[in-house]
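Novice: One structure, pasted below without further comment.
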Amino acid sequence: MADQTLTRIEISKEYLNFSAGHFTIFSATERENLHGHNFQVRCGVTAAVGPNGMAFDYVDLKRILKAICDALDERVLLPERSPYLRLERQEGQVTAFFADERLSFLERDVLLLPIRNVTIEELAPLLLARLRDRPELSAMEIRAIELGVASGSGQWAFAQWGDA
């Protein structure tokens, strides 16, 4: 409708976070040491305001975002698509081969992600895709989504979908 009012709802809750270990890979021979972050997630959604004065019931959106964060919590995140890292799973272990290093982890502690590097620039579009894959979202008639991931205070990367 041409006379519909659009609104942007931003969800930024303290519980939208995950703690994870990772290392950033800079080149075929240089990487950070393994370390961790308390990553934060926030989401802005643009949708039309309906006749009841609401865009949608965003309790569902908060629940989905929380589930996405929980799936990453307390894990070592490793990139499956890195050109510089080779990963092997064997006997309950995940071994990451980088340059002349061999890093071994318990398989239960590791989460392999379909990204090139574990950076906020890669995590933001990954989490946005996971959000968009949720069937509950289709009923919300969302026009645009902006999802942000922070690895520290004031250090955010955002991924966007749609146009308002």
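Every number in this text was worked out from the coordinates using simple rules, so none of it is lab data. The shown structure was predicted, so the numbers you read here are calculated from the model rather than taken from an experiment. Note: ideal-geometry Cβ built from the backbone for every residue, glycine included; neighbour counts use all protein chains shown.
Novice: Under a point spin-label approximation (7 Å from Cα along Cα-to-Cβ), what is the Asp163-Thr7 distance to one decimal in nm?
Specialist: Here the answer is 2.5 nm between the modelled labels.
Novice: In whole Hz and in residue order, list the ³J(HN,Hα) couplings for the stretch 32-49 that follow from phi through the Karplus curve 6.51 cos²θ - 1.76 cosθ + 1.60, θ = phi - 60°; x for Gly and Pro.
Specialist: With the stated coefficients, the stretch 32-49 comes to 6, 5, 4, 7, x, 9, 9, 6, 10, 10, 9, 9, x, 10, 9, 8, 7, 7 Hz.
Novice: Counting Lys and Arg as +1 and Asp and Glu as -1, what is the net charge of the other residues whose Cβ lies under 11 Å from the Cβ of Trp161?
Specialist: 0
Novice: Here's a follow-up. At most 12 other Cβ atoms within 10 Å and a DSSP loop assignment: could you name the GluC sites (Glu not before Pro) in the stretch 66-164 that fit?
Specialist: Listed in order of number, the matching sites are Glu74, Glu80, Glu91, Glu141.
Novice: Given H placed 1.01 Å from N in the peptide plane, which residues other than close sequence neighbours of Arg143 have an amide H under 5 Å from its amide H?
Specialist: Result for Arg143 returns Thr46, Ala47, Ala48.
Novice: Where nothing but the Cβ of Lys and Arg (+1) and of Asp and Glu (-1) is charged, how large is the charge dipole of the stretch 1-145 around its Cα centre, in debye to the nearest 20?
Specialist: 220 debye
Novice: Tell me, how many Å apart are the Cα centres for the stretch 70-124 and for the stretch 129-164?
Specialist: So the separation of the two Cα centres works out to 24 Å.
Novice: To the nearest 10 degrees, how steep is helix 120-132 against the longest Cα principal axis of the chain, on a 0 to 90 scale?
Specialist: On a 0 to 90 degree scale, this one is about 50.
Novice: OK, next. Under the rule of at least 5 residues apart or a separate chain, name every residue whose amide H is placed under 5 Å from the amide H of Ile11.
Specialist: Cys43, Gly44, Val45
Novice: Determine ³J(HN,Hα), in whole Hz, for all residues of the stretch 143-152 in sequence, where each value follows from phi through the Karplus function 6.51 cos²θ - 1.76 cosθ + 1.60 and θ = phi - 60°; x replaces Gly and Pro.
Specialist: 8, 7, 9, 10, 10, x, 10, 10, 9, x
Novice: Roughly what percent of Cα-Cα pairs across the chain reach past 18 Å?
Specialist: I get 62 percent for the Cα pairs in the chain exceeding 18 Å.
Novice: Which value, in debye to the nearest 20, describes the size of the charge dipole of the stretch 1-84 about its Cα centre when Lys and Arg Cβ atoms bear +1, Asp and Glu Cβ atoms bear -1, and nothing else is charged?
Specialist: Using Cβ point charges on Lys, Arg, Asp and Glu, the stretch 1-84 gives about 20 debye.
Novice: Say the dipole of the chain comes from +1 at the beta carbon of Lys and Arg and -1 at that of Asp and Glu; which of Thr29, Ser12, Thr119 then lies farthest toward its positive end?
Specialist: So the residue we want is Ser12.
Novice: Now a separate question. Can you give the net charge of the other residues whose Cβ lies under 12 Å from the Cβ of Cys69, counting K and R as +1 and D and E as -1?
Specialist: Taking every Cβ under 12 Å from that of Cys69, the sum is +3.
Novice: Tell me the mean residue ellipticity at 222 nm calculated for the chain from its helices only (DSSP H runs of n ≥ 4, each -39500 (n - 2.57), averaged over every residue, nearest 500).
Specialist: -5500 deg cm²/dmol
Novice: Here's a follow-up. Can you work out the Karplus-derived ³J(HN,Hα) for every residue in the stretch 74-80? Use 6.51 cos²θ - 1.76 cosθ + 1.60 with θ = phi - 60°, whole Hz, and x for glycine or proline.
Specialist: Ordered by residue, 3J(HN,Hα) equals 6, 10, 8, 9, 10, x, 6 Hz.
Novice: Tell me the GluC sites (Glu not before Pro) within the stretch 10-55 that lie in a loop according to DSSP and have at most 14 other beta-carbon atoms within 10 Å.
Specialist: Counting only loop positions with at most 14 other Cβ atoms within 10 Å, the GluC sites (Glu not before Pro) in the stretch 10-55 are Glu14, Glu30, Glu32.
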